[in-house]
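The structure under discussion appears below in the form of structure tokens.
Please treat every number below as a calculation from the coordinates, not as lab data. Since this is a predicted model, take the numbers as computed values, not measurements. Quick reminder, even Gly has a Cβ in these numbers, built from the backbone with ideal geometry, and neighbours come from all protein chains shown.
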Amino acid sequence: MTLSELGYCKNNGFGAVGLDFSEIKAYCEITSLTLNWWEVLTLKNLSLIYANEINAEDKNDFAPYQGEFKPKEFKDILGKFKR
């Protein structure tokens, strides 16, 4: 199981927060998955770290898959359209 299947974090209305044990338990019950105690703690801690990165004040530090999109100007890609 990966964290992406479970969900990286959740939103509480004031920002991202890590998943709690009840959500991990519910996922395991729905999917009939059995996890060791250290796997549950690892998932919980990874979720907390992810949420902390999403909420970071320094917007140059992005969590995975949250990079800033900087599109190129049209004049820079104009050559691709000329054929």
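Here each label is just a point 7 Å from Cα along the line to Cβ, and for Glu73 and Glu5 those points are 4.7 nm apart. For the listed peptides 27-34, 40-47, a ranking on the average number of other beta carbons within 10 Å per residue, highest first, reads 40-47, 27-34.
Across region 1-46, Cα-Cα pairs farther apart than 13 Å form 54% of the total. Summing charges over neighbours of Leu35, with a neighbour being any other residue whose Cβ is under 15 Å away from its Cβ, gives -3 when K and R count +1 and D and E count -1.
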